[in-house]
Amino acid sequence: MLDSSAKPLRLVTLLGSLREGSFNAAIARSLPDLAPEGVTISALGSVGDLPHYDADVQAEGFPPAVEAMAAAIAAADGVIIVTPEYNYSVPGALKNALDWLSRMTPQPFIGKPVVIQTASPGVLGGVRAQYHLRQILVFLDARVLNKPEVMAGGVATKVGGEPSVLEDETTRDFIAGQLAAFAAFVRR
Ligand SMILES: Cc1cc2nc3c(=O)[nH]c(=O)nc-3n(C[C@H](O)[C@H](O)[C@H](O)COP(=O)(O)O)c2cc1C
């Protein structure tokens, strides 16, 4: 039962993959089911809808997709970033979105609780992208949950269905535990 003192939370997901059959998207789709009571989770717009960052474009006005994403983050109690690792780092489309958002005033990540989940068909589950992302979030002044860390390795065998969702029970339980820890972190 929801503790009567526990404030309801609205979290948003930021997905680092544009791929239709994305494993990370399957995880992001599963999160509302894994959220603790009193926590709702919805998806932000696609990072693929943002143009490449260009200061000259910014000078003419922020693109509507950037404005919308910034407003949704500002209105949320916390952000869940779910992303693959590309070449040991953060996918360019996600980095591009963070670059745009970092130029907004007010900058929506300042003091914003953030939690990271990475997934890969490889064994390490995107650990190197995760630490690059943490470094970026330092500059953005986000408040990032340290532990537990979700790095889902071998993810191709852990998702299924149409549209695909996370089916592996051990990983589902682990992610549910992280979301509970994140909810407590946000409310602190
Ligand atoms: C350009 C590129 C670079 C990649 N680099 C890595 C990597 O450094 N580490 C890793 O574990 N997987 C890497 N992969 C494999 C991705 O983890 C895999 O394609 C994964 O399915 C992408 O996530 P998604 O299914 O959510 O789109 C790379 C894939 C691409 C396309």
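The values are calculated or read from the model by the stated rules, or taken from the named source; none is laboratory data. In this text, all values refer to a predicted model and were calculated from it rather than measured experimentally. When we count neighbours, we look across all protein chains shown, and the Cβ atoms used for this are built from the backbone with ideal geometry, even at glycine. Accessible surface is based on the protein model in full, side chains and every heavy atom, while ligands, DNA and RNA are left aside. Shrake-Rupley method; radii C 1.70, N 1.55, O 1.52, S 1.80 Å.
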Response to the item:
For segment 118-143 the number of residues that are within 17 Å of Ser89 (Cβ to Cβ), open to solvent by less than 30 Å² (accessible area, probe 1.4 Å) and away from the ligand (no atom under 12 Å from the Cβ) is 3
Worksheet item: What number of residues within segment 77-98 are more than 8 Å from the ligand (Cβ to nearest atom), of a type in the set (Gly, Ala, Ser) and open to solvent by 10 Å² or more (accessible area, probe 1.4 Å)?
Response: 2
Worksheet item: Would you say Lys158 is buried (at least 20 other Cβ atoms within 10 Å of the Cβ) and of a type in the set (D, E, K, R)?
Response: yes
Worksheet entry | Candidates Ala65, Ala43 - the one that is surrounded by 14 or more Cβ atoms within 10 Å (Cβ to Cβ), closer than 25 Å to Ala119 by Cα, out of contact with any Lys or Arg (no Cβ under 7 Å at 6 or more places or on another chain) and not basic (Lys, Arg) | Ala43
Worksheet item: Which pairs have Cβ atoms under 6 Å, sit 6 or more apart or on different chains, and link a residue in segment 153-166 that is part of a helix (DSSP H, G or I) to one that is within 12 Å of the ligand (Cβ to nearest atom)?
Response: Val155/Phe23; Val155/Ala119; Val155/Pro121; Ala156/Pro121
Fill in: Exclusive hit being acidic (Asp, Glu), over 16 Å from Val79 (Cβ atoms) and more than 16 Å from the ligand (Cβ to nearest atom), set Asp168, Asp173
Asp173
Worksheet item: Assuming Asn146 fulfils every condition listed in (1) open to solvent by 10 Å² or more (accessible area, probe 1.4 Å); (2) over 26 Å from Leu9 (Cα atoms); (3) assigned to a loop (DSSP other than H, G, I, E, B) apart from one, which condition is it?
Response: (2)
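Conditions (1) part of a strand (DSSP E or B); (2) closer than 24 Å to Arg187 by Cα; (3) in contact with a helix residue (DSSP H, G or I) (Cβ under 9 Å, 6 or more places away or on another chain), marked per residue:
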residue	(1), (2), (3)
Phe109	no, yes, yes
Val115	yes, yes, yes
Gln130	no, yes, no
Gln135	no, yes, no
Worksheet item: under 20 Å from Arg143 (Cα atoms), away from the ligand (no atom under 16 Å from the Cβ), in contact (Cβ under 8 Å) with a residue 60 or more places away in the chain and in a strand (DSSP E or B), is that true of Val12?
Response: yes
Fill in: Filter pass, Ile73 being surrounded by 19 or more Cβ atoms within 10 Å (Cβ to Cβ), within 16 Å of the ligand (Cβ to nearest atom) and under 20 Å from Asp141 (Cα atoms)
no
Practice prompt. Test Ile27 against the criterion of being within 16 Å of the ligand (Cβ to nearest atom) and under 22 Å from Val115 (Cβ atoms), and give yes or no.
Written response: yes
Discussion item. Going through Val57, Val66, Val12 one at a time, which residue ends up being at pLDDT 95 or above and closer than 25 Å to Glu149 by Cα?
Written reply: Val12
